[in-house]
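Here's the structure we're looking at; comments come further down.
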Amino acid sequence: MRTRSLLALLFAAFALVPCLADPYAAGEKIAAFSAKDQHKKDFTLDTKGTRFLLVSHDMDTGKAANAVLTTLGAHYLPGKKAVYMANIHGMPGVGRMFALPKMKKYAHRIILGDDAALIAKFPEQQGKVTVLKLSGGKISSIKYWNPASEGIDAYLK
């Protein structure tokens, strides 16, 4: 019995390791991941073909980013080889009932970050969208876009 408890404790500790990992830094290789978009379609990050990965970490920043991206249209992000992901991991069930149907109305694709270990990999600044510039599967730069007060064009060059 004691061995089982010890094994269970060790398993739980190792399961938490991805959540405790340091966020990505410039020069690191980005790992491909799979998720769903707001229309429940499968998505897998193409680490070689994607030039920019935008990650919003909170609801208010996500709303501001969606407002900007909506004005640019459905083809803007794909034209820049950019992907936009919104953190929905901590969103309670009631919030999801309202937020997810609203997200379906946006013309641009929103990848739903619903995995704590995945979201933890991306650096964060409060109130800003993390913009990772990728080159050959590696992060060449990390910038932070304030969608409430800035346009996105300068970040996607």
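A few remarks follow.
- Local net charge near ALA64, Cβ-Cβ under 12 Å (Lys/Arg +1, Asp/Glu -1): -1
- Radius ratio Rg over Rh of the range 40-127, counting only Cα atoms, Kirkwood formula for Rh: 0.93
- Here the range 30-86 yields Rg over Rh of 0.95, to two decimals, using C-alpha coordinates and the Kirkwood radius.
- Efficiency of FRET from Cβ geometry, ALA31 and LEU72, R₀ 25 Å, rounded to 0.05: 0.35
- Per-peptide average of other Cβ atoms within 10 Å, ordering 28-36, 114-122, 54-62 highest first: 54-62, 114-122, 28-36
- As a fraction of the 1.4 Å probe accessible area of the range 73-157, surface on carbon and sulfur atoms comes out at 56 percent.
The values are calculated or read from the model by the stated rules, or taken from the named source; none is laboratory data. Since the structure is predicted, the reported quantities are computational estimates derived from the model, not experimental observations. Note that we place each Cβ from the backbone using ideal geometry, even for glycine, and neighbour counts take in every protein chain shown. Ligands, DNA and RNA are excluded from the accessible area calculation, which covers all protein heavy atoms including side chains. Shrake-Rupley method; radii C 1.70, N 1.55, O 1.52, S 1.80 Å.
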